[in-house]
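Report on one structure; see the data block that follows.
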Amino acid sequence: MKYQWYPGHMAKARRMMEESIRLVDVVIEIVDARCPASSRNPDIDRMAAGKGRIIILNKADLADPDVTDLWSAYFRVNGIACMSADARRRISVRNLTQMTAKVCEERNARRRAKGMNTDHVRAMIAGIPNVGKSTWINSLSGRASAKTGNKPGVTRGGQWIAVGTSFELLDTPGILWPGMDREQTGRNLALTGSMRDEAINIEELALELISFLLDAYPGVLAARYGIDESGQEEETRDDMILRPDTSPNAIRCMDDISARRAFMKKGGGIDYDRTARALLDDFRSGRLGRISLEKPPVKENQ
Ligand code: G4P
């Protein structure tokens, strides 16, 4: 399936981000723990060069903990401080405050050695839409009014929020757009809800999710829907428009989920749209369990 990212705004958002980044010492980049590579903008490494760096693997409560550990190790090896988190928990906020203080301390020591002022350490939160930027800003600021939405342009006139004694945070996030170089990136962002469903063929996306789960997390669909996951003979179907590479077993699983949930159309026939939405909703809300969509690249010599 071809995935389209939101049109427009991108150049402006990037300009605003570059303006804001000049004001800060530390960039706290938020990514979705279920797909850290897909939910990053590759330009940020260039934009944030020379700044203190932290990556938050957010929504870790929804991701596979073993895979999240692999990602944490991967970013650390690449020289970026990294923590996994559920933005809605107090403990995560405390951990970030401590981690930022540590990153700042290292920077401050270098600055002091050069005779530079270390009074104010300023940080900003950056990330693509829907990864949890506003939730983090609200949690760190302790007030509910920092919600700014995803409108580029909000950074102008931004306020600084004192976070404990360790740093000041820009109250408006830097909005980035994902690099959509791989089809898998689009699929992952569509699955995690970072792309509007209206722009997506929901039934194809659900079939892609089923294929992925059958392969990477066998037993998950059986446990949730009481279906048999094992493959059967291919059937000829003319009631759905499918990619030639859609697995027949995925289609059969979709049929079985519909049957189990009694998702039928009024005039008869399977209601694929309703089935697809229910499945995606179960995945996005964690009702299928903690699932990660991608693993970090493995070094060739490992
Ligand atoms: P953004 O500013 O980057 O666009 O993201 P935002 O904070 O608005 O968060 C997007 C959605 O993700 C929100 O849900 C938010 O509650 C949820 N969220 C943020 N961090 C976490 C996390 O660590 N774990 C989980 N499970 N969810 C998280 P929503 O349904 O869009 O809004 P609401 O119902 O919470 O108001």
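So here's what we get for this one:
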| quantity | calculated |
| --- | --- |
| Subset of region 208-240 [assigned to a loop (DSSP other than H, G, I, E, B), of a type in the set (Ser, Thr, Tyr) and modelled with pLDDT under 95] | SER230, THR236 |
| Qualifying residue in region 41-53 (condition: of a type outside the set (Ser, Thr, Tyr), touching a strand residue (DSSP E or B) at 6+ places or on another chain (Cβ under 8 Å) and within 12 Å of the ligand (Cβ to nearest atom)) | no |
| Residues satisfying the stated conditions in region 169-210, i.e. within 22 Å of LYS295 (Cβ to Cβ) and basic (Lys, Arg) | ARG182, ARG187 |
| Residue within region 75-96 that is among the acidic types (Asp, Glu) and within 29 Å of GLY286 (Cα to Cα) present | yes |
| ARG243 being under 30 Å from PRO129 (Cβ atoms), over 21 Å from the mean Cα position of the chain (by Cα) and at pLDDT below 85 | yes |
| Given (1) within 13 Å of SER292 (Cβ to Cβ); (2) touching a Cys at 6+ places or on another chain (Cβ under 6 Å), number of the condition ILE55 does not satisfy | (1) |
| Those residues of region 246-302 which are in a helix (DSSP H, G or I) and hydrophobic (A, V, I, L, M, F, W, C), in sequence order | ALA250, ILE251, CYS253, MET254, ILE257, ALA259, ALA276, ALA278, LEU279, LEU280, PHE283 |
| Single residue of region 41-74 satisfying the filter (open to solvent by less than 30 Å² (accessible area, probe 1.4 Å) and modelled with pLDDT under 95) that is nearest to GLN98 (Cα to Cα) | GLY52 |
| Subset tally (residues that are open to solvent by 20 Å² or more (accessible area, probe 1.4 Å), of a type in the set (A, V, I, L, M) and either under 15 Å from ILE28 (Cα atoms) or in a helix (DSSP H, G or I) (or both)) for region 104-126 | 2 |
| Of all residues making up region 65-93, the number that are within 16 Å of the ligand (Cβ to nearest atom), more than 14 Å from ASP32 (Cα to Cα) and assigned to a helix (DSSP H, G or I) | 4 |
| Top-ranked residue of region 127-153 - restricted to ones that are surrounded by fewer than 16 Cβ atoms within 10 Å (Cβ to Cβ) and more than 9 Å from the ligand (Cβ to nearest atom), ranked as modelled with the lowest pLDDT | GLY153 |
| Test: residue in region 179-193 that is of a type in the set (Ser, Thr, Tyr), modelled with pLDDT of 90 or more, out of contact with any His (no Cβ under 8 Å at 6 or more places or on another chain) and within 16 Å of the ligand (Cβ to nearest atom) | yes |
| Any hit, region 95-103, residues being among the hydroxyl-bearing types (Ser, Thr, Tyr), part of a helix (DSSP H, G or I) and in contact (Cβ under 8 Å) with a residue 60 or more places away in the chain | yes |
| Residues that are open to solvent by 10 Å² or more (accessible area, probe 1.4 Å), small (Gly, Ala, Ser) and closer than 28 Å to ARG290 by Cα, drawn from region 6-40 | ALA37 |
| Subset of region 168-198 [aromatic (Phe, Trp, Tyr) and open to solvent by less than 10 Å² (accessible area, probe 1.4 Å)] | none |
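Results for (1) β-branched (Val, Ile, Thr); (2) open to solvent by 90 Å² or more (accessible area, probe 1.4 Å), shown as yes or no for each residue.
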position: LYS266; (1), (2): no, yes
position: TYR272; (1), (2): no, no
position: THR275; (1), (2): yes, no
position: LEU279; (1), (2): no, no
position: ASP282; (1), (2): no, no
position: LEU288; (1), (2): no, no
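The values are calculated or read from the model by the stated rules, or taken from the named source; none is laboratory data. This is a predicted model, so every value here is computed, not measured. Note: ideal-geometry Cβ built from the backbone for every residue, glycine included; neighbour counts use all protein chains shown. For the accessible areas, the whole protein counts, side chains as well, though only heavy atoms, and no ligand, DNA or RNA atoms are used. Shrake-Rupley method; radii C 1.70, N 1.55, O 1.52, S 1.80 Å.
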